[in-house]
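Enquirer: Got a structure here, written out as structure tokens. Questions coming.
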Amino acid sequence: MGVNPKANILSVKILDSSGRGNSSNALAGLQWVYDNAERYNIRVANLSIGTADVGSNDPLVRMSEALWDAGVVVVAAAGNAGPEASTVTSPGSSRKIITVGAVEDSHCDSIATANFSGQGPTSECVIKPNILAAGCDIVSCLSNSPELSLQRLMKMKLVGRYYVRMTGTSMAAPFVSGAVSLLLTKYPNLTPDQVKLMIKYSAVDLRMPPNRQGWGIINMLKFLNGGNK
């Protein structure tokens, strides 16, 4: 059911059936969210996408920050090119938005898998990610699209007919997005900057380098309590 089963979800398609796309489609999708944020009361935008970090002039970064400034909490995946330094992808390299890495846990099936999460610093020396969440073998809905080839389905970790297990920071970011949606249900007047501060104050320090863990792993109960114990 996910973190917030009662949340209304708007799905903006920017990738093809293979999970690939281009920046122009991503920008068009972000523009649609920006144009319709008030109409649909969009409070959180989850961006499980990423491309090479080229700095703050990247149109993806600028559009993500425009959404943030408009009152939408933007949550982006850190990318899966780790564990080397400076592997956080754009738009997660933005100074403003919330960037999520995947925590190493018992569900990761190998050391290589456990160390995939993108790390900072960014090309502009910003510490990233901001927060970690579980990202290994996460169960979610399986698309029933006829475009999914049998060859691709055979490579997936299927859970029955309707679900699939997937690993990556693209799985970790939606957990944080769901947590933010719950927080905004409780405190609807919070700004994106205030939400980001509450994530910081509720994080559990895992004693990793800042460019690996950011502030640490999200603590849901503490987060929903406004950052208090």
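The values are calculated or read from the model by the stated rules, or taken from the named source; none is laboratory data. Just so it is clear, the model here is predicted, and its values are computed rather than measured. All Cβ positions, even for glycine, are placed from backbone atoms using ideal geometry, and neighbour counts span all protein chains on display. These accessible areas exclude ligands, DNA and RNA; they are computed on the full protein's heavy atoms, side chains included. Shrake-Rupley method; radii C 1.70, N 1.55, O 1.52, S 1.80 Å.
Enquirer: If you roll a 1.4 Å probe over the heavy atoms of the protein chains, what accessible area per residue do you get for segment 115-162, in Å²?
Expert: It amounts to 60 Å² per residue over segment 115-162.
Enquirer: Then there's this: Kindly report the accessible area of segment 1-96 per residue (heavy atoms of protein chains, probe 1.4 Å, no ligands, DNA or RNA), in Å².
Expert: Normalised by residue count, the accessible surface of segment 1-96 is 56 Å².
Enquirer: Mind checking the full-extension length gain between Val139 and Arg207? Use 0.36 nm per residue of separation minus the Cα-Cα distance, one decimal, nm.
Expert: On the way: separation 68, 0.36 × 68 = 24.48 nm, distance 2.77 nm.
Here the answer is 21.7 nm.
Enquirer: Heavy-atom accessible area of Ser86 with all protein chains present, probe 1.4 Å, nearest 10 Å²?
Expert: Counting only protein heavy atoms, the figure is 70 Å².
Enquirer: For Met1 and Leu197, what is the calculated FRET efficiency with R₀ set at 41 Å and r taken between the beta-carbons, to the nearest 0.05?
Expert: Rounded to the nearest 0.05, the efficiency is 0.90.
Enquirer: Quick check on my link table: of Lys6/Lys186; Lys13/Lys96; Lys200/Lys222; Lys96/Lys222, which ones sit more than 18 Å apart, alpha carbon to alpha carbon?
Expert: Too far apart for the 18 Å limit: Lys13/Lys96; Lys96/Lys222.
Enquirer: Please tell me the relative contact order of the chain in percent, rounded to the nearest whole number, where contacts are Cα pairs under 8 Å and at least six residues apart. All intermediate terms of the calculation are to be shown ahead of the outcome.
Expert: Numbers: 467 pairs, mean separation 45.3, N = 229.
Value for the chain: 20 percent.
Enquirer: Taking R0 as 30 Å, what FRET efficiency do you get between Leu153 and Met220 from their Cβ-Cβ distance, rounded to the nearest 0.05?
Expert: It comes to 0.40.
Enquirer: Further question: Let me have the 222 nm mean residue ellipticity of the chain computed from DSSP H runs of 4+ only, each contributing -39500 (n - 2.57), with the sum over all residues rounded to the nearest 500.
Expert: Theoretical 222 nm ellipticity from helices: -9500 deg cm²/dmol.
Enquirer: Considering only protein heavy atoms and a 1.4 Å probe, what is the carbon-and-sulfur percentage of the accessible area of the chain? The partial results should precede the final answer.
Expert: Numbers: 6700 of 12410 Å².
Carbon and sulfur atoms account for 54 percent of the accessible area of the chain.
Enquirer: While we're on this one: Largest first, how would Lys155, Lys6, Lys186, Lys200 line up by accessible area (1.4 Å probe)?
Expert: Lys6, Lys155, Lys186, Lys200
Enquirer: Applying the Karplus parametrisation 6.51 cos²θ - 1.76 cosθ + 1.60 with θ = phi - 60° to the phi angles of segment 29-41, what ³J(HN,Hα) value in whole Hz is obtained for each residue in order, glycine and proline being reported as x?
Expert: Result, rounded to whole Hz: x, 5, 5, 4, 4, 4, 5, 10, 4, 6, 4, 9, 6.
Enquirer: Now for a separate question. I need the calculated FRET efficiency for the pair Ser17 and Ala66, taking r as the beta carbon distance and R₀ as 41 Å, to the nearest 0.05.
Expert: It comes to 0.90.
Enquirer: Could you work out how far the C-alpha centroid of segment 74-100 sits from that of segment 153-193, in angstrom?
Expert: Measuring centre to centre over Cα atoms gives 16 Å.
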